[in-house]
Amino acid sequence: MTDPRLESLLQAVPGLRLETAQAELEHYGRDWTRRWTPAPLAIALPADAVQVQSIVRWAGVNGVAIVPSGGRTGLSGGAVAANGELVLSLARMNRVLGFDAIDRTLTVQAGITLQAVHEAAAEHGLAYPVDFAARGSCSIGGNIATNAGGIRVLRHGNTREWIAGLKLVAGTGESLDLGRGLVKNSSGYDLRHLAIGSEGTLGIVVEATLKLTDPPPPTQVMLLALPSFEVLMEVFAQLRSRLRLEAFEFFTDRALHHVLAHGGQAPFDEVHPYYVVTEFAMQGDTDEAAMLAAFEHCTERGWVSDGVIAQGESQAAQLWRLREGITESLARYTPYKNDVSVRVSAMPAFLAEAQALLARGYPQFDVVWFGHIGDGNLHINVLKPEGMVDAEFVGQCEQVTRVLAETLQRHGGSISAEHGIGLVKKPYLGSTRSAAEIEVMRGIRRVLDPHGIMNPGKLFDP
Ligand code: FAD
Ligand code: MLT
Ligand code: ZN
């Protein structure tokens with residue numbers, strides 16, 4: 001440990017665990033984007049909130065930038081440390097601190113994984129309903145910092161809906177106890193909601209009090225094959241009006257192709273251009289009749305070409321894997337990811353334009369569509385052809401994204417539905433937020449991070 005700044009940090013925070021080995025710098029300096037070369041100063045792994053506060057105070061005095069780090073499953077470069085920053089990993093702060101049966105809340109340290117939260121809630125006969133494929137690695141702190149969505153948003157909403165309170169060590173070094181678990185609190189600005197979605201730019205979330213809910217009802221999982229993109233919203237409207245939907249996710253045949261290349265069995269004998277995995281409450285004959293009626297309605301109109309209804313939990317998990325396995329199956333192509341949203345009602349008009357634009361923009365690339373169509377959220381992944389240089393690939397994709405951002409702006413949509421802006425979508429923030437809004441955000445950031453040490457370069461510049 002030759003850098004004198006690290007000696008000074010250890011003096012300021014006695015007992016702090018610091019990692020400086022090259023392998024650790026590489027491991028903690030990147031997220032799932034894999035676009036930037038990790039180059040952090042060191043990795044700090046505090047044991048508790050007091051140590052976090054001391055690190056932030058030290059960083060403020062010494063002008064050292066901090067990158068807050070959860071599970072680094074982020075897809076927008078938010079947790080990337082490529083410029084000599086100190087990575088502050090919450091990995092050791094991963095405990096459940098308390099459960100309140102009357103409030104139905106679980107209080108956790110921010111480094112706990114989403115899956116551990118699911119398990120802790122289940123131990124008390126309750127559920128934490130935010131869910132997605134990175135559950136085993138992503139942290140609650142990271143989920144809060146990105147306002148993560150996932151596969152159950154259409155029933156339960158985003159992370160924001162489930163945060164009863166949180167503790168934030170702001171860039172000033174102050175510890176702010178925000179929300180405090182109150183259901184009702186009409187006492188001025190709700191600063192908790194500023195921290196949610198702030199991507200580590202205002203401070204470090206060290207603790208969260210999560211709302212829990214009843215466990216989901218018994219459900220049924222169904223895979224549908226669709227003949228065209230145009231009928232997708234019709235099928236969604238039908239199913240939503242007849243069933244209590246928990247999830248409605250779509251993907252294209254290209255997505256299925258990549259998932260199956262990783263293993264598994266094709267669900268249908270024939271290839272279909274589009275698929276939907278949907279999950280809905282199934283609590284008796286009435287639900288079953290509604291499901292059959294919805295299926296019949298869609299097949300009669302030619303909106304659905306084929307379908308599989310899961311026979312038991314294991315088949316349900318297999319069907320879900322076809323959707324949840326997509327990100328991992330594409331990772332080796334270092335995909336250029338678009339994560340866009342519009343209001344559900346604006347989806348058909350936006351889709352018509354976006355499809356034409358992407359067909360024009362990417363004639364030579366493998367483009368994989370999937371996403372949470374029921375929430376108005378589309379993921380469009382462009383795969384890097386083998387042998388193409390990174391910079392050239394990203395450059396070509398950025399040209400299309402500029403037009404996509406304009407299209408989204410016209411339809412009142414967002415350039416980042418759930419992954420955050422980070423580094424990846426920073427040039428396009430202005431397509432979703434007005435100049436006045438960004439200026440207000442700058443002002444807020446200056447107040448909570450006066451030394452400019454919290455995740456600089458991410459989200460927007462000072
Ligand atoms: P990181 O990647 O470590 O960090 C993300 C951002 O949060 C960074 O800006 C970081 O600085 C900041 N941060 C992290 N911890 C803290 C903290 N304690 N305090 C302050 N700031 C902090 N996302 C979805 O929304 N929906 C999905 O369906 C979804 N599916 C995914 C599937 C896969 C297979 C993968 C790999 C990713 C998926 N993601 C999804 C993206 C990712 O998992 C989420 O963005 C997640 O919330 C990131 O959590 P993390 O702990 O990994 O955060
Ligand atoms: C998903 O919905 O699977 C994710 O948001 C991850 C991705 O876009 O790759
Ligand atoms: Zn998603």
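The values are calculated or read from the model by the stated rules, or taken from the named source; none is laboratory data. What you see is a predicted model, and the numbers here were worked out from it, not measured in a lab. Heads up, the Cβs are rebuilt from the backbone with ideal geometry, glycines too, and the neighbour counts pull from every protein chain shown. In case anyone asks, the SASA skips ligands and DNA or RNA and just uses the protein heavy atoms, side chains included. Shrake-Rupley method; radii C 1.70, N 1.55, O 1.52, S 1.80 Å.
Can you run down the residue pairs with Cβ atoms below 7 Å, 6 or more apart or on separate chains, where the first is in region 227-244 and open to solvent by 90 Å² or more (accessible area, probe 1.4 Å) and the partner is among the aliphatic types (A, V, I, L, M)?
Every condition considered, the pairs that remain are Arg242/Ala290; Arg242/Ala293; Arg242/Ala294; Arg244/Ala281.
For region 143-163, how many residues are under 22 Å from Lys458 (Cα atoms), in contact with a Phe, Trp or Tyr (Cβ under 9 Å, 6 or more places away or on another chain) and either assigned by TED's automatic domain parsing to the domain that holds Gly71 or open to solvent by 10 Å² or more (accessible area, probe 1.4 Å) (or both)?
Qualifying residue count for the region: 0.
Output the residues belonging to region 319-353 that are in a helix (DSSP H, G or I) and either charged (D, E, K, R) or within 13 Å of Glu279 (Cα to Cα) (or both).
Of everything in region 319-353, those that are in a helix (DSSP H, G or I) and either charged (D, E, K, R) or within 13 Å of Glu279 (Cα to Cα) (or both) turn out to be Leu319, Trp320, Arg321, Arg323, Glu324, Glu328, Arg332, Glu353.
Sort out which residues of region 90-137 are among the β-branched types (Val, Ile, Thr) and either closer than 29 Å to Ile43 by Cα or buried (at least 19 other Cβ atoms within 10 Å of the Cβ) (or both), and write them in order of number.
Of everything in region 90-137, those that are among the β-branched types (Val, Ile, Thr) and either closer than 29 Å to Ile43 by Cα or buried (at least 19 other Cβ atoms within 10 Å of the Cβ) (or both) turn out to be Val96, Thr105, Thr107, Val108, Ile112, Thr113, Val117, Val130.
For residues in region 49-79 being open to solvent by less than 20 Å² (accessible area, probe 1.4 Å) and not small (Gly, Ala, Ser), which is farthest from Thr107 (Cα to Cα)?
Val64
For region 441-459, how many residues are within 12 Å of Gly63 (Cα to Cα) and open to solvent by 30 Å² or more (accessible area, probe 1.4 Å)?
4
Okay, residues lined up against (1) of a type in the set (A, V, I, L, M, F, W, C); (2) within 15 Å of ligand 2 (Cβ to nearest atom):
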position: Thr107; (1), (2): no, no
position: Ala120; (1), (2): yes, no
position: Asp131; (1), (2): no, yes
position: Glu161; (1), (2): no, no
position: Ala164; (1), (2): yes, no
position: Thr172; (1), (2): no, no
position: Leu178; (1), (2): yes, no
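List the helices (runs of 4 or more DSSP H) inside region 106-176, counting only whole elements, that have at least 3 residues being closer than 25 Å to Leu243 by Cα.
Passing ranges, in order: 153-156.
Test Ile140 against the criterion of being in contact with a strand residue (DSSP E or B) (Cβ under 6 Å, 6 or more places away or on another chain), β-branched (Val, Ile, Thr) and not assigned by TED's automatic domain parsing to the domain that holds Gln22, and give yes or no.
yes
Can you confirm whether region 388-405 contains a residue that is under 25 Å from Leu154 (Cβ atoms) and in contact with a Leu (Cβ under 9 Å, 6 or more places away or on another chain)?
Yes, region 388-405 contains a residue that is under 25 Å from Leu154 (Cβ atoms) and in contact with a Leu (Cβ under 9 Å, 6 or more places away or on another chain).
Of all residues in region 343-371 being open to solvent by 10 Å² or more (accessible area, probe 1.4 Å) and within 16 Å of ligand 3 (Cβ to nearest atom), which is farthest from Asn158 (Cα to Cα)?
Trp369
Just give me the residues in region 372-408 being out of contact with any Phe, Trp or Tyr (no Cβ under 9 Å at 6 or more places or on another chain), open to solvent by 40 Å² or more (accessible area, probe 1.4 Å) and farther than 22 Å from Ile326 by Cβ, in sequence order.
Selection gives Gly387, Val389, Ala391, Glu392, Gln399, Val403, Glu406.
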